[in-house]
Amino acid sequence: MSGLPTPQAHPTGRAPGALWRLVALAGFVVLLALGLATLSSRSDVGTLHGELAPEVARLLALQRRGEIEQLLRDPIERGVITDATVSDDQGGIVLRIGNPGSAEEGVLIRTEGPLRHKAVQIGWFSVGTQQTGAHSPLLALLLGAIALGALCLLATQGARLMMERRLGRSVNALTAATRALAAGTPRAAAALPADDALAPLDAALAAAGEALQQERDRLAAQLARLERLALSHDEAEWEWQLDTGDIWYSARFPSLLGYEADDGFSQQFNWTAATHPDDATIVRRARERLVAREIERSDDPIRLRARDGTYRWFRLRAVASHDAAGTAVRLTGTLEDVTRERMTLDSLRESEARLFHAVRGSFDGAWDWDIGAGRYYLSPRLSELLGMQQSLQPQTHEQLLERVHPDDLSRLEHAIDEHFLRRESFDIEYRMRHEAGHYLWVRDRGLATRSDKGKVLRFSGSITDITERKRAEHATRALAAEKQALLDDVPVAIVYARNGRIADCNRRCEEIFAYRRDELIGETVGRFFHDEDDLDALLQGAGSSAPAPHAQESVLCRGDGSALHAYISVRQLEHDVQAGGETIWIFSDDTARRRALDAARREENFSAALVRSMPGAFFLLDARGMLRQWNENLQAITGMSAADLLGKATLDLFPPESHRLLKRQARRALVQLDASFEADLLAADGEPRAHAFSLYRIDLDGLPHLLGTGLDIRAQKEAERSVVALNQRLETRVRERTAELLTAMRELESFSYSISHDLAAPLRGIDGFSRMIEEDYAEKLDDRGRDYLQRIRAATQRMHRLIDDLLGLARITRNEMNRQNVDVSALARDIAAEMTRSEPQRRAEFLIQPSMRVYADANLLRIALDNLLRNAWKFTGRHEAARIEIGCLQHDRELVYFVKDDGAGFDMRYASKLFGPFQRLHSVGDFTGSGIGLAIVHRIVHRHGGRIWAEAEVERGACFYFTLESVPAGNG
């Protein structure tokens, strides 16, 4: 291979540099001998140091300095060492013995090491020796080494000459083979004979050449495969040698940046200059982290400047290679053009952002029903429409359906089923309950997402609040009815046509043409014409004059066949009548010219009213507040002509004190699209007239304008003043009547107590004397007399109860109500427990619905419930087992409470007498009572703003129903 040294062939005689090689070999032998001698000397001193150090350390630890000195003096006297030194661990000399000598006297050899006792260093110990004069073993060894070296040189030179003679030819052959191997053209077979000493080496070289060729072929195939693989994808490869700074680029790399292969890309391209300034930090940071081994690979989107100067998006990937020491030696990576993907991603993000802002800015609320998971998602806007917090929104379909108006629920469920089963479009209007309790009209639109097999996976859509639209539709229908009534009273026939066919007409049309309205609807307008040319001329004239009306006289045909001379006006509402436009036809009976002229004037006035579409004053202002259009009503009010009004400032039509209000309302209308206010309009005589104005912003030719209407409200103002005066008079009369009523109630109360006292006194006398007769003269009376006496006492006691009940009934009407939250279920349980304790022998079952609460007067409600339950208790007394039920139910959007029993019941023919005082449907002998209880219940229910009624059947029981006015807490 190139770069390897090439062997040179020499003749077998003297070789250049042979003498120097012999000298070098001899020098090596001498140095080797000297080194061995030095090591030998050092080894002797080191061995002695190792033998003496443990004993010296033990004696030093025991502080036996004399014994240490005696131990060291013996080797000094024997000449093994020349001196010895012992020091402590701080470096202080403990003992120094002998003479170290000097370098002039010979070679100095010294060995030093720590003294350790029980693994703890306690000092230092050093010994030295000196070899001097001819007796130095080193010198003797050196002389021997020189002699040995000379012998080796002679032997080597002789052997070399013999080998050169024997191997010269073989070496030359091997040299040629080596050169061929280095040049990349190895021999196919060995050149030396098999018995040659170098034949194995020659065979090895031949095998190496064959293996090298196979490896070259394999690498060439692998390189071709990599080149094909590189061409098969859109990425370009690069590699940067960090130590040399050389960068290699694949053939595809230049084309990604718009360079040609022969443009000298490697010399022109510079990473730093080509990288976008905003991405330079990303590239530098990725390189630093790869070199520092913080990451294994980098993958970053960056921008590089192409040859045309534009920046393109690329994905730069790289990995770092490190040597054994951990130093980064190269960076290898790929570059992929992702400009199109980036543009697509940016477009997608922009689309998502646009969709997000559109949804957020929309007045619609979005919803999504995940049918598989059974969850509902409501957007914040929809939660806002329904007046509920986002965290408390319904989570299931059933919870959301609970907010749908009961009358619309079945229709909504049917629409969902039709969309799921038949894929009908889902677009429905219904009512939903707001969190505050009222209902909103909404328009619900949605679309189901289906699987490949058609199964519905999720259902998504939006809800729009159309409450105002529904109100507007209601108002529009009322206005349409009013308009129809007005149109029916005009003396001309008016026909509204859509797509060339009659869609509506007024009553005068029926009278003029002698057709019923149902006969005309759906027919073409040509039914009125004898001549089709007249119809075509009218349509062409309407098309050319649109949006202004087109009029002409014509002879028409009535339903009875007679001719009708009429003046016809056609106004086209759409540009192209034949393409499905709308037209308004006005037919005036032109039998007499004056009648025709009158009809024409009415038609003109009516057309003007339709164009301007609003009663009262009408005007159109430009952005400067100048009049551009108006109706005749404005001219009539101001007394100005059309020439005077054209271009006139609107403020000139109002008194100066209203100018600030007008400017403020105009700015409000320009910003908020509409504004309403009241202001005085100067009449022709200078008198201000009160008007109610409405301003609406419209854009004409790209410029803002204000469309205004004004209604004369002088009569309304006068009516308001009259209403205020009337209210004051009514309030005065109410106070007077209230005072009279209070006086009458106090007199009635005083009368009631007087009557009760006056009636009670005789009754007490009768009852007292009767009891005295019964006690003192009972034995003198026969059975009939005693029976009469008992009847007298029973009658007086019954009269007492009647008087007490009358007083109770009066107190119920008179006492002030104190409303509060009342637990009806708890009241019923208390009363039932009292009745059960009073008659424990009775078998009675009370069914009380739990959690019934109402906002009412607790005392009055207890009296009413006590009367109803005791009434049920009394009339079930003759049955072996009684069943009394107390509960409530929803009926026509109100709660109805009921007390039901299975007792004696009554005949419904007499139900109207139930709630009158002293009215009884059973005899006193059958059931006790005064007939006041149900009258008291009736008055209590009526004081609560409710109503009471009953249903019964003889011996099948009775059920009393009652309602109470729904009054919110705090308004009682």
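The values are calculated or read from the model by the stated rules, or taken from the named source; none is laboratory data. Because the structure is predicted, anything quoted here is derived from the model rather than measured. So basically every Cβ, Gly included, is an ideal-geometry build from the backbone, and we count neighbours across all protein chains shown. Areas reflect the complete protein model, heavy atoms only, side chains present, ligands, DNA and RNA absent. Shrake-Rupley method; radii C 1.70, N 1.55, O 1.52, S 1.80 Å.
Could you work out what % of the accessible surface of region 228-337 is carbon and sulfur, using a 1.4 angstrom probe and leaving DNA, RNA and ligands out of the count? Here it works out to 47 percent.
Put simply, when 509-520, 366-377 are sorted by average Cβ atoms within 10 angstrom per residue, most first, you get 509-520, 366-377.
In the context of the full set of protein chains, residues of region 490-596 present 49 Å² of accessible surface per residue (probe radius 1.4 Å, heavy atoms only). For K483, the lysines whose Cα falls under 30 Å of its own Cα, not counting residues fewer than eight places away in the same chain, are K470, K717. Can you give the FRET efficiency for R422 and E532, using 1/(1 + (r/R0)^6), R0 = 51 Å, r = Cβ-Cβ distance, to the nearest 0.05? After rounding to 0.05, the efficiency reads 0.70. Ranked by the mean number of other Cβ atoms within 10 Å per residue, highest first, peptides 119-128, 649-658 order as 119-128, 649-658. Around R330, with a cut-off of 13 angstrom between Cβ atoms, what is the net charge of the other residues, counting Lys and Arg +1 and Asp and Glu -1? Net charge in that neighbourhood comes out at -4.
Residue-normalised convex hull volume from the C-alpha trace of region 48-98: 70 Å³ per residue.
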